[in-house]
Amino acid sequence: MKLKSFGCSFIYGNELSDTNSPDVYSKLTWPALLAKHFDYDYECYAQAGRGNLFILENIISQVNLLNDESAFFAINWTWADRFDYTQAVNDKWTSILPVHKSEVASVYYREIHSQYRDKLSTLSYIKLAADILEQNNLPYIMTNMESHVFEERWHQSEATKFLQRAIKDKITTFDGLNFLDWSRKNGYPVSKLWHPLDQAHRAASEFLINKVNS
């Protein structure tokens with residue numbers, strides 16, 4: 001059995017104690033520790049700085065590559081305001097974040113970006129991923145960094161209401177919080193770049209073991 005993980009830097013393991021190179025993912029993240037606990041082979045498909053469309057594409061690709069194999073999928077959806085797109089000449093992924101200073105990022109966040117699009121697209125990605133995994137009888141656990149996609153007061157439509165209901169039970173929270181907020185609430189060390197560190201990942205893996213068992 002394999003455990004395949006997907007997400008951004010929170011799942012790649014940026015700034016954890018066993019990673020001295022940006023080219024090597026950590027084996028101290030909560031998905032890696034879950035794999036160790038259950039004696040699963042671990043494969044990490046997360047990349048730092050990526051958005052949710054990139055994460056979705058990776059999930060679908062890995063489902064398609066499985067053939068008759070079995071795998072457990074551990075997914076952490078990232079901040080909804082990240083935007084992924086592919087280059088026209090080579091289909092290479094590029095991701096932009098609000099902190100980026102490039103001309104492309106400046107135009108996108110000034111002229112195109114909206115919170116409604118963030119909410120609708122993220123909910124759609126989560127729904128599609130859950131449908132694909134369930135149709136292929138693949139077990140999974142999904143967590144989510146962005147709480148505003150589930151709020152019901154602002155930037156809401158009949159489409160977002162439908163999607164929120166559809167995926168409400170698909171997302172696992174940390175006592176109602178995302179991983180970062182839960183780590184801060186419990187006093188676990190968090191880096192200046194908002195990465196929960198080793199102790200937080202150990203505690204998260206222990207918290208999630210019973211969720212995975214069920």
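Some notes on this structure:
- A Cβ distance below 6 Å, combined with a sequence gap of six or more or placement on separate chains, defines the contacts here; from the stretch 108-119, residues that are within 22 Å of Ala159 (Cβ to Cβ) reach residues that are surrounded by 15 or more Cβ atoms within 10 Å (Cβ to Cβ) in the pairs Gln115/His155; Tyr116/His155; Asp118/Ala80; Asp118/Asp81; Lys119/Val149; Lys119/His155; Lys119/Thr160.
- Count - residues of the stretch 185-214 that are without any contact (Cβ under 8 Å) to a residue 12 or more places away in the chain and in a helix (DSSP H, G or I): 5
- You will find that of Leu53, Leu34, Leu97, the residue that is of a type in the set (A, V, I, L, M), more than 21 Å from Lys170 (Cα to Cα) and in contact (Cβ under 8 Å) with a residue 40 or more places away in the chain is Leu97 and no other.
- Some residue of the stretch 103-111 being among the aliphatic types (A, V, I, L, M) and either touching a Phe, Trp or Tyr at 6+ places or on another chain (Cβ under 7 Å) or within 27 Å of Leu34 (Cβ to Cβ) (or both): no
- Test: Gln164 is more than 21 Å from Glu43 (Cα to Cα), surrounded by 12 or more Cβ atoms within 10 Å (Cβ to Cβ) and in contact (Cβ under 8 Å) with a residue 40 or more places away in the chain: yes
- Consider the stretch 97-118 and keep the residues that are β-branched (Val, Ile, Thr) and part of a helix (DSSP H, G or I). The one that is surrounded by the fewest Cβ atoms within 10 Å (Cβ to Cβ) is Ile112.
- Count of the stretch 18-70 residues which are in a loop (DSSP other than H, G, I, E, B) and among the polar types (S, T, N, Q): 8
Yes or no, residue by residue, for (1) exposed (fewer than 12 other Cβ atoms within 10 Å of the Cβ); (2) within 27 Å of Gln135 (Cα to Cα):
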position	(1), (2)
Glu15	no, no
His37	no, yes
Ala74	no, yes
Asp91	yes, no
Ser95	no, no
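- Candidate set: the stretch 147-161, residues that are surrounded by fewer than 18 Cβ atoms within 10 Å (Cβ to Cβ) and touching a residue at least 40 places away in the same chain (Cβ under 8 Å); chosen: the one farthest from Pro31 (Cα to Cα): Ser157
- Selection status of Ile132, touching a Phe, Trp or Tyr at 6+ places or on another chain (Cβ under 8 Å), part of a helix (DSSP H, G or I) and surrounded by 13 or more Cβ atoms within 10 Å (Cβ to Cβ): no
Each value in this text was obtained by applying a stated rule to the coordinates, not by laboratory testing. Keep in mind the model is a prediction, meaning the values are calculated, not measured. Please note: Cβ atoms are built from the backbone with ideal geometry, for glycine as well, and neighbour counts cover all protein chains shown.
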